[in-house]
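J.: This structure is in structure tokens; I'll ask about it shortly.
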Amino acid sequence: MQPMRLNRLFTYALLFSLPLWLANCGGSGNGTDVTPTVEGSWKLSALRLDPGITVAPIGRVTDLFTAFTLATNSPCLTDLTFTFKNDGTMTTNNPQTCQDHTTTIKNQTGINITGTTKWSQTGDQLTLTAADGTKVTAKSTLTGTGMTWAYSGSFTDPTGVTSQQTVTFDFKRP
């Protein structure tokens, strides 16, 4: 994987953590548990980097969710709703608070989160495919009300230092 800029890292993390939070668990009416599913709507609740990157003048950043919110002075990340439909498509609501940021996300990741993206899950592997064919695959973990998505890659921080990072997205049902 080629080194990526912080914006690209954030975008990938955002796009792939959302599907993991779309898990749905409930009873079947007879007390039998239903297997959690990505299908449904999710809100991003955390976006983490391990071991993190250095951003001047802040220092070491491991919580991209908070860093992005503070840097943009916008509740964009908390306002986004990702919906995984049973027909294999995924959409987002593109709230007003995100409209200044979606072009950057699309340009940085190649995945148009304001349009329709295809999704599929095999075991614990969640794959998102953009209209242009760009694919991203991450390990997903589903619970009754939460989803986590994680992937590893080589990323370049704002100072030009490249490092291996694990990006983890956490989602919750709205």
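J.: On full extension of the chain, what length is gained from Arg60 through Gln96, given 0.36 nm per residue of separation minus the C-alpha to C-alpha distance?
T.: The Arg60-Gln96 span can extend by a further 9.9 nm.
J.: Now, a different point. Which ³J(HN,Hα) values, rounded to whole Hz and listed in residue order, are derived for region 38-51 from phi using the Karplus coefficients 6.51, -1.76 and 1.60 in 6.51 cos²θ - 1.76 cosθ + 1.60 with θ = phi - 60°, glycine and proline given as x?
T.: Calculated HN-Hα couplings, in order: 6, 4, x, 9, 9, 10, 5, 10, 7, 8, 10, 10, 9, x Hz.
J.: Quick check for you: which residues of region 50-67 have the amide N under 19 Å from the point 7 Å beyond the Cα of Val161 toward its beta carbon?
T.: Answer for region 50-67: 50-64, 67.
J.: Can I ask one more? Can you list the lysines whose alpha carbon sits under 19 Å from that of Lys118, skipping same-chain ones fewer than 8 residues off?
T.: Straight-distance partners of Lys118: Lys43, Lys85, Lys106, Lys135, Lys139.
J.: Another question about this same structure. Just to check I understand the Karplus step: with θ = phi - 60° and J = 6.51 cos²θ - 1.76 cosθ + 1.60, what whole-Hz values come out for region 126-138, glycine and proline as x?
T.: 9, 10, 10, 10, 6, 4, 7, x, 4, 10, 9, 10, 9
No value in this document is a laboratory result; all are computed from the given coordinates. Computed from a predicted model, the values in this text were never measured in an experiment. For neighbour counting, all protein chains shown are included, and Cβ atoms are generated from backbone atoms with ideal geometry for every residue, glycine included.
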